[in-house]
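The values are calculated or read from the model by the stated rules, or taken from the named source; none is laboratory data. Predicted model, so just to flag it, every value in this text is computed and none were measured. As a convention, Cβ positions derive from the backbone with ideal geometry for all residues, glycine included, and neighbour counts pool all protein chains shown.
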Amino acid sequence: MPGQLGQGMMHGQGMMPGQMGQGAMQRQMEQGMTMGPGMMMPPMNSAHGRRLFAEKGCVVCHSVNGIGGEDAPALDAATMSKGMNPFDFVAKMWRGAPAMIEMQNDELGSQIEFTGDELEDIIAFVHDEAEQKKFTKADIPPNISAILNRAAEEGKESAPSGMGMGKMKMKEPTAPAQ
C-alpha cells in the first residue's frame with residue numbers, strides 16, 4: 001500500500017532494515033515487524049505522517065522539502081542515512097524535549113501531544129523521500145499556516161533557551177511533486 005512503511009522477520013533473522021533494498025524494507029514496514037517475544041514494530045504510514053507533520057505543527061520549526069521553519073533541523077529524507085532506526089529518532093527527540101516543548105508553548109500555545117501511532121507515522125514520513133516529494137504548502141492547515149506567516153512577518157530573532165527563531169520558509173519545492 002503506497003505511503004505505508006512495518007512485517008517481517010523475527011529479530012536476528014536475515015537482514016536488518018538498514019541492510020536491505022528499498023523494496024524489501026517497504027514490504028517489511030507495511031506489515032509490521034516482529035522483534036521478539038511480545039514485541040512488534042507496528043505498521044508505519046508515511047502518507048498519514050505527512051498530514052500529521054503539518055497538522056500537529058512540526059512544520060513550524062522543522063522543514064521538509066524546503067517548506068517550514070528553520071529553528072530546528074531540516075528533516076529531509078534525502079540527507080539522512082538510509083538505514084533508519086525509529087528508536088534513535090525518538091531518543092533524539094527525547095534529548096531535545098525541554099527546548100522543543102518550550103518552543104511549542106511559545107509558537108503553538110501548548111505542547112504537541114502524540115500517540116504512539118502518530119509518532120511512528122511521522123517518523124515514517126521523515127524517512128520516506130518519495131512521500132516527502134509530495135509535501136507542499138497545501139498540506140499545511142490554515143491555523144498552522146497562519147503561525148508560519150506571522151513568524152515570517154515578525155522576523156523573530158530570539159526564542160526561549162537562546163534558540164533563535166530564525167526565518168520561516170514557505171516556498172514551494174523546486175521540483176514539482178508527482
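Which residue, of Gly96, Gly57, Gly116, Gly66, is touching a residue at least 60 places away in the same chain (Cβ under 8 Å) and more than 22 Å from Arg150 (Cβ to Cβ)?
Gly116
Do you know which residues across segment 153-165 are in a helix (DSSP H, G or I) and either loosely packed, with under 14 Cβ neighbours inside 10 Å or at pLDDT 80 or above (or both)?
The first filter runs over segment 153-165 and keeps only residues in a helix (DSSP H, G or I), leaving 153-154, 160-162.
Selection gives Glu153, Glu154, Ser161, Gly162.
Are there any pairs with C-beta distances below 8 angstrom linking a residue in segment 139-155 that is farther than 23 Å from Ile122 by Cα to a residue that is of a type in the set (Ser, Thr, Tyr) and surrounded by 13 or more Cβ atoms within 10 Å (Cβ to Cβ), with the two at least 6 apart or on different chains, and if so which?
Once the first residue is farther than 23 Å from Ile122 by Cα and sits in segment 139-155, no partner that is of a type in the set (Ser, Thr, Tyr) and surrounded by 13 or more Cβ atoms within 10 Å (Cβ to Cβ) comes close enough.
Can Val60 be described as buried (at least 23 other Cβ atoms within 10 Å of the Cβ) and either of a type in the set (A, V, I, L, M, F, W, C) or modelled with pLDDT of 95 or more (or both)?
Working: buried (at least 23 other Cβ atoms within 10 Å of the Cβ): yes; either of a type in the set (A, V, I, L, M, F, W, C) or modelled with pLDDT of 95 or more (or both): yes.
Spelling it out, Val60 is indeed buried (at least 23 other Cβ atoms within 10 Å of the Cβ) and either of a type in the set (A, V, I, L, M, F, W, C) or modelled with pLDDT of 95 or more (or both).
Evaluate segment 140-152: report whether one residue or more is part of a loop (DSSP other than H, G, I, E, B), under 15 Å from Glu55 (Cβ atoms) and modelled with pLDDT of 95 or more.
Yes, segment 140-152 contains a residue that is part of a loop (DSSP other than H, G, I, E, B), under 15 Å from Glu55 (Cβ atoms) and modelled with pLDDT of 95 or more.
This table checks each residue for (1) farther than 22 Å from Ser110 by Cβ; (2) hydrophobic (A, V, I, L, M, F, W, C).
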site	(1), (2)
Arg50	yes, no
Lys56	no, no
Gly66	yes, no
Ala74	yes, yes
Ala78	yes, yes
Gly83	yes, no
Asp88	yes, no
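Any idea how many residues of segment 30-57 are at pLDDT below 95 and buried (at least 24 other Cβ atoms within 10 Å of the Cβ)?
Count: 1.
I'd like to know if segment 103-118 contains one or more residues that are within 26 Å of Pro43 (Cβ to Cβ), modelled with pLDDT of 85 or more and of a type in the set (A, V, I, L, M, F, W, C).
For segment 103-118, residues within 26 Å of Pro43 (Cβ to Cβ), modelled with pLDDT of 85 or more and of a type in the set (A, V, I, L, M, F, W, C): present.
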